[in-house]
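Asks: Below are the structure tokens for one structure; questions will follow.
Please treat every number below as a calculation from the coordinates, not as lab data. Bear in mind that the values here come from a model prediction, so they are computed numbers and not experimental data. Note that we place each Cβ from the backbone using ideal geometry, even for glycine, and neighbour counts take in every protein chain shown.
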Amino acid sequence: MNRRLITAALPYVNNIPHLGNIIQSLSGDVFARYCRSKGYDTLYICGTDEYGTATETKALEEKTDPRSLCDHYYKEHTNIYKWFNINFDKFGRTSNQQCTEITQGLFNDLDAAGLIKEHVNKQLFCPHCNMFLADRYVDGTCPKCGSTKARGDQCDECGSLLDPIELKEPKCHTCGSTPEVRETKHLYIDLPALSDKLNAWVEKASVEGRWADNAINMTKAWIRDGLQERGITRDLKWGIPVPKAGYEDKVFYVWFNAPIGYLSITKQLADELIKEGKQSFDWKSWWIPSESEEAKGKGKVDLFQFIGKDNIPFHTVIFPCTLLGSPHEWTKLHHMSSTEYLNYEDGKFSKSRGVGVFGSDAIETGIPADAWRFYIFYNRPEKQDYQFTWKDFMEKLNGELIGNLGNLVNRTLLFVNKYYEGKIPEAPVDEELWAQVKELEKKATEYLEWAELKDAFRTMFEISDICNKKFQATEPWKARTENPAVADSLIHNLCYVIKDLMIMMNPYMPQYTQKIMSYFGKTIEEKKVGMETKPGYTWADLGVTEGLTTVGPTEVFFKPLDQKTMLAFREKFGGQQKAKKEEKKADKKAKKAEPVVLPVEQQEAFFNSTIELTVAKIVDVKPNPEGEKLFIETLDDGSGTPRTIQSGLRMYLKEEDLLGKHVVIASNLAPRTMRGVESRGMLLAGDYKDADGKDCVEVLDVSWAAPGTKIVIEGADPKAAKKAEITGDEFFSVQIKSVDGVVQIAGKPLMADGKAVKTTKALNSDIG
């Protein structure tokens, strides 16, 4: 039997995790508990990701040092995960000696293999602080919207991703001085040189490990489009030192060393067990089995990784390349379980605005951890984003958890206590019932083998539903006097089905299931590396219909959530969403009133002489792994050379909504680099609200026009010469609007190949 090495994405240390953040750690926990119960040799590793710019800047804000900050938040994370009953074999940290040693060792392997390249870059330098400034160490004015609160990596006001050099009036975040542009050297991993190795590995691993389509498509798109050298050093103090002459004042980029944390935390666990005098293990037996005596004679290691979809390329391209470039035979990804986003009510989680349920908030609600675990896995966003709402939480809790499962358990066990004096009646096996149950148990097990956690969980609720219907149809309260054998058979068999359900649901709701099993005088096995195993039922006990004799006094575990309490929670965790939305609307109106837009009578002439709009076909779409809002689109613009642009549409549209569409782009905008990718132009779209009041976006669809067709004001010459390159300020000096569905400038429609450009949903909207 193969061994199972399980990791969950390392949460960043400098914040309190919200429900969406906790999904990955909880998912790894469910799968690890299942694997242990099934008899697999299992190791579950996770921990806090602690290095990088965000930690340094957070420490400055809180007037402390990075180490103290990490110590504080590590405790916060640990307490929250403990409350959620996440049974890590080790929840470690990346800011330790083990991570330093292994990271530097892997770097030296790559350097010795000629896979490390040196490049000179332009970067902002603060003369006062005498240091190059990483992106979050720069504040300034956003070049797009004019906000004075922009950072070097992003403007929170308009959502634009930025390069520090792009900021107007940049200031050093630390001292407030004006930085200057200087040249600096950085190291890059030569991903192109590893492309063939990576491709061969992906072709094999993606089939054997049954990767999801989105992981395969995203990975192959990276390889197909040509891998780029990737920077792995930063000008920071808080990080792992670079062991190379001339780079003594630099550290490794957090995304280079963060996945190495999986390896180092494993070693951290092994070292700690030795120090505590407990039975330990060779960490290499999991990560480099070919170099471990302990691994001889043991099964192959299958690595299962639980991550969010935005981290896929790091786990299928960048981290594997690091391992492939080393001479050691490292354990690499077998199966990836990636999720979409869990959003909150009508927006996103935001700690600063008090919006959403964070780990500490969940504790304070008084709602049991298993109720939260139930909701997360019953709705786990495996194929698409899911919106947490308090109304939905109440309905699922009261309807499925309490009304379905809880109803079956409570009334069956109460019946035993009330009518059988706590003794489970003897009766033959109900073959018809168990045929249905065992088929669904097999189905749930098959789902769990490949970490399809939601489908497995819902299958278990199907079993509960079948049993509830049988209870209702049999009417044991009548049958116990009219036909006692029928009542005995029902209650006897349902007790064993409940036993099976508790075994299967234990990975999902460990406290609840152990509590229910205690009423039978039984337990479910609990395992953890370095800890004594607590014996009890395992997956092998499914379908066994002997061994239960009595039911002790019971109590209600989950309490229904009433409307009043639900509304109170919704208000409590709603922050200032409405106020913020109104503020944003007001800001937008104010900005429109600013004298940056040309008078209407001048706009047509300026557009005709300056701004070039072109039809382009989207031939490829993929997320930018370093920008949660960004798509990278490859376009056919009729020139014969593919054009790459980026758009901030990931919050509103999926890849398939864009692929193949003929769209309108601002084609002579000056190129700008966002999150490491150069964007040559801007995709035009309008905004609107759907029937539920949700913010939506509609791209301009010009399906009738061939790529390369110029968009002109009605009556203008499509061949008229335009400026070769324009700024964002020049583009936004003209207002493009959709008025009753007709896209126009200064009251005149825009035309593509003789046909007016129109919108179908964003009927009265600014176009940008």
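Asks: On the principal axes of its Cα set, how long, how wide and how thick is segment 369-561? Give whole Å, largest value first.
Replies: Taking max minus min along each principal axis of the Cα atoms, segment 369-561 gives 52, 42, 30 Å.
Asks: Using a 10 Å cut-off around each Cβ, can you sort Y419, Y447, Y537 from fewest to most neighbouring Cβ atoms? List each step's numbers first, then the result.
Replies: Numbers: Y419 15, Y447 18, Y537 22.
If I rank by nearby Cβ atoms, fewest first, I get Y419, Y447, Y537.
Asks: While we're looking at this one, here's another question. Label points 7 Å out from Cα along the Cβ direction at Q279 and E395: separation in nm?
Replies: Output for this residue pair reads 5.0 nm.
Asks: A follow-up question, please. How far, in nm, would the chain grow between A485 and Q384 when pulled straight, counting 0.36 nm per residue and subtracting the alpha carbon separation?
Replies: Details: separation 101, 0.36 × 101 = 36.36 nm, distance 4.83 nm.
Result for the pair: 31.5 nm of gain on full extension.
Asks: If you rank M1, M531 by fewest surrounding Cβ atoms within 10 Å, what's the result? Spell out each step's value before the answer.
Replies: Values: M1 10, M531 13.
So the ranking, lowest neighbour count to highest, is M1, M531.
Asks: Expressed as a whole number of Å, what is the distance separating the alpha-carbon centroids of segment 695-767 and segment 178-203?
Replies: Using only Cα atoms to place each centre, the spacing works out to 38 Å.
Asks: Once the Cβ-Cβ distance between K761 and R570 is put in as r, and R0 is 35 Å, what FRET efficiency do you end up with, to the nearest 0.05?
Replies: Values: r = 29 Å, r/R0 = 0.82.
FRET efficiency, K761 to R570: 0.75.
Asks: Oh, and also: Could you state the principal axis extents of the C-alpha atoms in segment 94-222, from the largest down, to the nearest angstrom?
Replies: 53, 34, 29
Asks: On to the next question. Which number comes out as Rg/Rh for the chain once both Rg and the Kirkwood Rh are worked out on C-alpha atoms?
Replies: Details: Rg = 29.5 Å, Rh = 29.2 Å.
Value, to two decimals: 1.01.
Asks: Another one. What's the extension gain from T148 to S350 if we count 0.36 nm per residue and subtract their Cα-Cα distance?
Replies: 70.6 nm
Asks: Now, a different point. With a ≥ b ≥ c the root eigenvalues of the C-alpha gyration tensor of segment 501-555, is it rounded (a/c under 1.5), prolate (a/b larger than b/c) or oblate?
Replies: On the way: a/c = 1.70, a/b = 1.41, b/c = 1.20.
Prolate is the answer for segment 501-555, as a/c is 1.5 or above and a/b outweighs b/c.
Asks: Continuing with this model, one more query. If you average the alpha carbon positions of segment 322-379 and of segment 96-168, how far apart do those two centres end up, in angstrom?
Replies: Their Cα centres are 26 Å away from one another.
Asks: Would you mind ranking S195, S326 so that the residue whose beta carbon has the fewest other beta carbons within 10 Å leads the list?
Replies: On the way: S195 16, S326 19.
Going from sparsest to densest Cβ surroundings: S195, S326.
Asks: Can I ask one more? Quick one: grab the alpha carbon gyration tensor of segment 116-189, order the square roots of its eigenvalues as a ≥ b ≥ c, and give me rounded if a/c is under 1.5, else prolate or oblate depending on whether a/b is larger than b/c.
Replies: Numbers: a/c = 2.55, a/b = 1.43, b/c = 1.78.
Because a/c hits 1.5 or more and a/b fails to exceed b/c, segment 116-189 counts as oblate.
Asks: Right, something else. Can you give the net charge of the other residues whose Cβ lies under 9 Å from the Cβ of Y378, counting K and R as +1 and D and E as -1?
Replies: Numbers: positive: R380, K396, K454, R458; negative: E400.
Value of the local net charge: +3.
Asks: What does the charge count near Y496 come to, summing +1 for each Lys or Arg and -1 for each Asp or Glu among other residues with Cβ under 14 Å from its Cβ? Kindly include the intermediate steps, with their values, before the conclusion.
Replies: On the way: positive: K438, K470, K499, K522; negative: E426, D430, E431, E441, D488, D500, D541, E546.
In short, -4.
Asks: What residues have an amide H closer than 5 Å to that of N343, excluding those fewer than 5 places away on the same chain, when H is modeled at 1.01 Å from N in the peptide plane?
Replies: Amide H neighbours of N343, under 5 Å, 5+ apart: Y386, Q387, F388.
Asks: How many percent of DSSP beta bridges within the chain run antiparallel, rounded to 5? Present the calculation step by step, with values, prior to reporting the outcome.
Replies: Values: 73 of 99 bridges.
Beta bridges within the chain, antiparallel portion: roughly 75 percent.
Asks: Counting alpha carbon pairs within less than 8 Å and at least 6 residues apart, what relative contact order, in whole percent, applies to the chain?
Replies: Values: 1400 pairs, mean separation 85.6, N = 768.
Relative contact order for the chain comes out at 11 percent.
Asks: Let me ask something else. Which of rounded, prolate or oblate describes segment 595-767 when judged by the alpha-carbon gyration tensor and an a/c cut-off of 1.5? Display every interim value, and only then the final one.
Replies: Details: a/c = 1.45, a/b = 1.20, b/c = 1.20.
Taking the square roots of the gyration eigenvalues as a ≥ b ≥ c, segment 595-767 is rounded.
Asks: Rounded to the nearest 0.05, what FRET efficiency is calculated for V600 and A720 with R0 set to 25 Å and r the Cβ-Cβ distance? Show your work: numbers first, answer last.
Replies: Working: r = 20 Å, r/R0 = 0.82.
Working from the Cβ atoms, E equals 0.75.
Asks: Next question, about the same structure. Taking 0.36 nm per residue of separation and subtracting the Cα-Cα distance, what length does fully extending E183 through S360 add? Kindly include the intermediate steps, with their values, before the conclusion.
Replies: Details: separation 177, 0.36 × 177 = 63.72 nm, distance 4.44 nm.
59.3 nm is the gain from fully extending E183 to S360.
Asks: Which FRET efficiency value, to the nearest 0.05, do you get for E439 and D71 by plugging their Cβ-Cβ distance into 1/(1 + (r/R0)^6) with R0 = 56 Å?
Replies: Numbers: r = 51 Å, r/R0 = 0.91.
About 0.65, to the nearest 0.05.
Asks: Do you know the relative contact order of segment 116-189, to the nearest whole percent, from alpha carbon pairs under 8 angstrom that are 6+ apart? Before the final figure, lay out the partial values.
Replies: Values: 160 pairs, mean separation 30.2, N = 74.
This gives 41 percent for segment 116-189.
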